[in-house]
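To start, the structure under review is shown below, and the notes come after it.
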Amino acid sequence: MATTEKVHCLIIGSGPAGYTAAIYAARANMHPVLYQGIQPGGQLTITTEVENYPGYADGIQGPEMMVHFEKQAVRMGADIRFGLATEVDFSKQPFSVTIDEEKIIEADAVIIATGASAKWLGLESEQRLNGFGVSACAVCDGFFFRNKEVAIVGAGDTACEEAVYLSKLCTTVHMIVRKGEDGMKASKVMQDRVKNTTNIKIYWNSETDEVIGDNKVEKVRIKNVVTGEKTEVPVSGFFVAIGHQPNSDIFKEWLQMDEAGYIKTIPGSAKTNIEGVFAAGDVQDKIYRQAVTAAGSGCMAALDAERYLSAKGVM
């Protein structure tokens with residue numbers, strides 16, 4: 001039989017948003033309990049150097065940065081636990097969240113910070129070299145490839161935006177597009193921007209056959225899906241821009257989401273359509289997706305939760 005525990009504030013997820021929410025909630029005497037989820041530390045744990053987070057003048061490794069976040073949350077009094085939220089019931093107060101299909105947490109307020117996961121091509125080499133030249137975020141990692149050649153795969157607005165961003169840093173951007181010109185998913189204005197950027201070379205009707213390199217990316221092998229011809233292009237970086245998937249499936253029955261599954265929040269807040277349930281970080285942000293914006297929204301969620309609990313007289 002499942003055991004039940006009652007808490008004031010439950011935080012689901014442990015990236016910058018979750019840990020920041022825990023820091024603020026703990027300082028406000030909300031006695032937060034945080035479950036880290038399937039990937040403690042979130043996407044930053046598969047990132048190497050982080051150079052664009054304020055306060056780290058010399059940069060920091062992503063996993064180390066998340067250890068710092070966790071330690072700070074613990075020092076403030078947050079209860080950090082291993083465990084995955086597997087089911088929720090937001091139909092009544094207190095809210096009910098099942099952890100690892102066996103323990104039930106009843107919470108007066110819930111902060112969802114489960115993040116999003118990058119979509120990958122499914123190549124063994126892509127995963128093996130992830131963090132060693134392979135990346136799913138040009139804004140995060142493009143700087144490391146300044147004055148070098150890179151490849152990017154994707155055909156939507158995000159891929160086009162990231163290709164243009166990389167073109168300002170890199171000597172040549174090799175853009176791999178699965179379909180022909182008429183099958184590109186990006187908006188017309190973004191397509192034109194890419195086509196008019198002289199150092200972006202587009203490979204139409206093409207797919208990534210292999211990312212080549214032992215300890216770092218050295219080449220990408222591109223296959224033309226019409227002719228079958230394969231071409232090896234020397235590159236230092238390989239960017240995957242085929243989208244992200246928000247980790248929001250268990251909340252779909254309860255919360256309003258957009259067509260891609262991102263949780264909708266009331267503008268200027270972390271509030272969802274259910275009073276007392278808040279969302280922060282990449283699970284509700286498909287535009288910026290940066291550690292610093294996730295941390296900021298985690299702060300917002302904790303402050304919103306504190307005001308909610310105070311108004312209800314729970315605290």
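Full extension from SER117 to GLU51: what is 0.36 nm times the residue separation minus their Cα-Cα distance, to one decimal in nm? Display every interim value, and only then the final one.
Values: separation 66, 0.36 × 66 = 23.76 nm, distance 2.10 nm.
Taking 0.36 nm per residue and subtracting the Cα distance, the gain is 21.7 nm.
Restricting attention to region 207-256, which GluC sites (Glu not before Pro) occupy a DSSP loop and are surrounded by at most 14 other Cβ atoms within 10 Å? It would help to have the intermediate numbers written out before the result.
Working: sites: GLU207, GLU210, GLU218, GLU229, GLU232, GLU253; in loops: GLU218, GLU229, GLU253.
Of the GluC sites (Glu not before Pro), the ones in loops of region 207-256 whose Cβ has at most 14 other Cβ atoms within 10 Å are GLU229, GLU253.
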Cβ-placed point charges (K, R +1; D, E -1), dipole of the chain about Cα centre in debye, nearest 20
620
Sequence ranges 17-28, 233-244, ranked by mean other-Cβ count within 10 angstrom, highest first:
17-28, 233-244
Where does region 1-156 land on the Kirkwood hydrodynamic radius, alpha-carbon pairs, in angstrom?
17.3
Stretch gain in nm, segment VAL225-LYS195, where the contour uses 0.36 nm per residue and the Cα spacing is subtracted
8.7 nm
Name the long-range amide H neighbours of GLY41: under 5 Å, sequence gap of 5 or more, or other chain; modelled H, no Pro or chain starts.
SER14, GLY15
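How would TRP204, TRP120 line up from fewest to most surrounding beta-carbon atoms within 10 angstrom? Mind dumping the intermediate values first?
Numbers: TRP204 18, TRP120 13.
Least crowded to most crowded, the residues run TRP120, TRP204.
Give, rounded to the nearest 20 debye, the magnitude of the charge dipole that region 120-240 has about its Cα centre when Lys and Arg contribute +1 at Cβ and Asp and Glu contribute -1 at Cβ.
Numbers: 16 positive and 17 negative charges, 55 e Å.
It comes to approximately 260 debye.
Which length gain, in nm to one decimal place, applies between ASP58 and ASP79 when the Cα-Cα distance is subtracted from 0.36 nm times their residue separation?
Values: separation 21, 0.36 × 21 = 7.56 nm, distance 3.03 nm.
My answer for the length gained is 4.5 nm.
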Normalise the Cα radius of gyration of the chain by 2.2 N^0.38 Å (N = residues in it) and let me know the number.
1.08
By the rule of no other cysteine beta carbon under 4.7 Å, the lone cysteines of the chain are CYS9, CYS160, CYS170, CYS299
Skipping prolines and chain starts, which residues have an amide H placed within reach, meaning under 5 Å, of the one on ILE212, given they are 5 or more residues away or on another chain?
GLU218, LYS219, VAL220, ARG221
How many angstrom lie between the Cα centre of region 232-308 and the Cα centre of region 137-213?
25
Rounded to whole Hz and in sequence order, give me ³J(HN,Hα) for region 220-227 from the Karplus expression 6.51 cos²θ - 1.76 cosθ + 1.60, θ = phi - 60°, writing x for Gly and Pro.
10, 9, 10, 10, 7, 6, 8, 9
Antiparallel bridges, percent of DSSP beta bridges restricted to the chain (to nearest 5)
45
Give me the distance in nm between label points sitting 7 Å out from Cα along the Cα-to-Cβ direction at ASP182 and GLN72, one decimal.
5.3
Long-range amide H partners of VAL50, meaning residues 5 or more apart or on another chain whose placed amide H is closer than 5 Å, are ILE60, GLN61, GLY62
Could you tell me the distance between the Cα centroids of region 1-76 and region 117-134, to the nearest Å?
24
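Since every read-out is calculated from the coordinates, none of them should be taken as a lab result. These numbers were taken from a predicted model, which means no experiment stands behind them. All Cβ positions, glycine included, derive from the backbone under ideal geometry; neighbour counts span all protein chains shown.
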